[in-house]
Amino acid sequence: MIRFRPLAIGLTAALSAVAFAAIQSPSEASSSNAKALVGTFKLDPGACQGYTVSGTYFRMISPGGSVAHGSFFSNPDSLCSNKTYTLAVPGRQGGLVTGRYQPDPKPAFNAQGGALASAIVQPQGFTAINFSIATNKTDPQTGASVPAPSIVDKNGKLSGQIEAWSAAWNKLYFNQGSPKPGGSHPGLTRPLTGTYNASSHAFVITWTSQVVGGPFNGFTGYWHLSGIFVPSK
């Protein structure tokens, strides 16, 4: 009997290893659940009902303020009772496209300084001058090369980078990406986060980006995008 004990021990060890691998495999699978969402994040238009705001919109946090408490810049052109919300209307391409750029047109402004970009969102009034959004290979404010937007879903939680997100207004450019070109997160700039329903494809994405330089230096843009994701074919 003694001579067979090594074989029994070896067999027990082998079976234990198999059982351990079987237990481990689900966690290994879950770690690979991250999936790049390549396609169009089609935007819901912003809407306000009283002081309740939904859909896609933008707010600007004053220097020294916070996301939770403000204070917030008031836009006289806002269609909401609460003028600190600027609503967005989907553009010609329906919203944000990941994996490629949606650049500013040429020219990027009209004679009055209003932005003309209309692929992501339609130009909207901001203090009597239209502003809009584009994503460019070269960030027009800093001159830095930036990657195309990318967003990843992992078990319903979204993350990613949107360095190329650029606002145009009054013949000026303001990088509103996260992180900033070069990977930094100055001031109130916070990473892109969000939620995603793999069954309905509904998403909500938010991030903040502090303005660096120009007439709104130190202000921070808060971006709230919602809608339905449509994968590229």
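The values are calculated or read from the model by the stated rules, or taken from the named source; none is laboratory data. The structure presented is a predicted model; accordingly, all values stated were derived computationally and were not measured. Neighbour counts are summed over all protein chains in view; Cβ atoms, including those assigned to glycine, are modelled from backbone coordinates with ideal geometry. In case anyone asks, the SASA skips ligands and DNA or RNA and just uses the protein heavy atoms, side chains included. Shrake-Rupley method; radii C 1.70, N 1.55, O 1.52, S 1.80 Å.
Descriptive notes on the structure:
- Per residue, in Å², the accessible surface of region 77-223 once ligands and nucleic acids are set aside, probe 1.4 Å: 41 Å²
- Given in Å, the Rg to one decimal and the Dmax to the nearest whole number for the Cα atoms of region 100-185 are 13.5, 47.
- Rounded to the nearest 10 degrees, the angle from helix 5-31 to the longest Cα principal axis of the chain is 10 degrees.
- Modelled this way, with points 7 Å down the Cα-to-C-beta line, the labels at residue 69 and residue 155 are 3.3 nm from one another.
- Among the chymotrypsin sites (Phe, Trp or Tyr not before Pro) in region 142-227, none sits in a DSSP loop with a Cβ that has at most 13 other Cβ atoms within 10 Å.
- Chain lengthening between residue 32 and residue 202 when straightened (0.36 nm per residue, less Cα-Cα): 59.0 nm
- Computed from the Kirkwood radius of its Cα pairs, the Stokes-Einstein diffusion coefficient for region 149-233 at 37 °C and 0.692 mPa s stands at 241 µm²/s.
- Accessible surface of the chain, 1.4 Å probe, proportion on carbon and sulfur as whole %: 60 percent
- Estimated translational diffusion coefficient (Stokes-Einstein, Kirkwood radius over Cα pairs, 20 °C, 1.002 mPa s) of the chain: 110 µm² per second.
- Once all protein chains are placed together, residue 190 keeps about 110 Å² accessible to a 1.4 angstrom probe.
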